[in-house]
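Trainee: Can you read through this structure? Questions will come right after.
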Amino acid sequence: MRLLIEQASALLRGRRGGWMGGGVLLVVCALVAVWVFGGEDEAAGPPDARARQYRDVDACLLTGEDGIKAGTPAAVWQGMEAASGDTRARVTHVPVMGAQTAANALPHLNGLIQRDCEIVLATGQAQTETVRKAAGSHPRTRFVVVGSEGESRGAQPGNLTVVAPGDGVPDEVAKVVRRAVNTVQQ
């Protein structure tokens with residue numbers, strides 16, 4: 001045993017011994033780090049039961065620059081949230097900033113389509129006009145506008161639903177979104 005200690009002591013003397021001692025120290029530190037921080041976390045429990053598990057379906061609302069503060073946009077949002085609670089579809093809204101024109105609303109609508117929103121809803125004159133014009137070019141996307149049937153110029157594509165403004169907007173929007181989500185999931 002004494003001979004072993006003397007040989008180890010001789011190895012650690014000098015420049016080569018310093019490097020060797022540093023290497024041994026590095027290996028020991030690595031082993032301790034793996035023991036402390038590595039391995040499987042046996043204490044991890046199940047995921048938080050309160051976390052909502054969404055389906056891979058997005059319903060997106062295009063509004064004026066005031067967003068969903070009050071009026072029709074707020075009623076549409078209320079219907080979207082109700083449908084999301086039942087269907088687990090993700091809901092978002094995007095306000096059109098700047099001039100409230102169809103030309104300015106178009107890039108915002110294109111952004112929603114590029115984000116793969118399966119259901120696009122629109123409130124406001126510029127937004128609904130833009131959606132009505134673009135709906136036929138995007139047959140896989142379902143579109144919902146709040147307005148009157150008479151505002152449409154020409155035939156409406158089959159992927160466009162018009163919800164009449166009024167007190168029943170939240171319920172009607174919720175029905176339309178639920179139906180669209182079920183259609184998308186098939």
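Trainee: With a probe of 1.4 Å, find how much accessible area segment 54-186 has per residue, and write the answer as a whole number in Å².
Mentor: Numbers: 6610 Å² over 133 residues.
With the other protein chains kept in place, segment 54-186 gives 50 Å² per residue.
Trainee: Quick query: amide H of Phe143 versus all other amide H atoms, modeled in the peptide plane; which residues come in under 5 Å with a sequence gap of 5 or more or a different chain?
Mentor: Placed amide hydrogens put Val120, Leu160, Thr161 under 5 Å from Phe143.
Trainee: Apply the Karplus parameterisation 6.51 cos²θ - 1.76 cosθ + 1.60, with θ equal to phi minus 60°, to every residue of segment 79-86 and state each ³J(HN,Hα) to the nearest whole Hz, in sequence, with x for glycine and proline.
Mentor: Once θ is set to phi - 60°, the couplings for segment 79-86 become x, 5, 5, 4, 5, 5, x, 7 Hz.
Trainee: Here's something else I'd like to know. Name the long-range amide H neighbours of His138: under 5 Å, sequence gap of 5 or more, or other chain; modelled H, no Pro or chain starts.
Mentor: none
Trainee: Largest first, how would Met97, Met80, Met1 line up by accessible area (1.4 Å probe)? Show your work: numbers first, answer last.
Mentor: Values: Met97 105, Met80 0, Met1 170 Å².
Result, largest first: Met1, Met97, Met80.
Trainee: Sticking with this one: Take Phe143, Phe37 and sort them by solvent-accessible surface of the protein heavy atoms, 1.4 Å probe, largest at the top. Don't skip to the answer; put the middle values down first.
Mentor: Details: Phe143 0, Phe37 175 Å².
Largest accessible area first, the list is Phe37, Phe143.
The values are calculated or read from the model by the stated rules, or taken from the named source; none is laboratory data. Quantities reported herein were computed from a predicted structural model and do not represent experimental measurements. Each accessible area value is taken on the protein alone, full model and side chains, heavy atoms only, with ligands, DNA and RNA left out. Shrake-Rupley method; radii C 1.70, N 1.55, O 1.52, S 1.80 Å.
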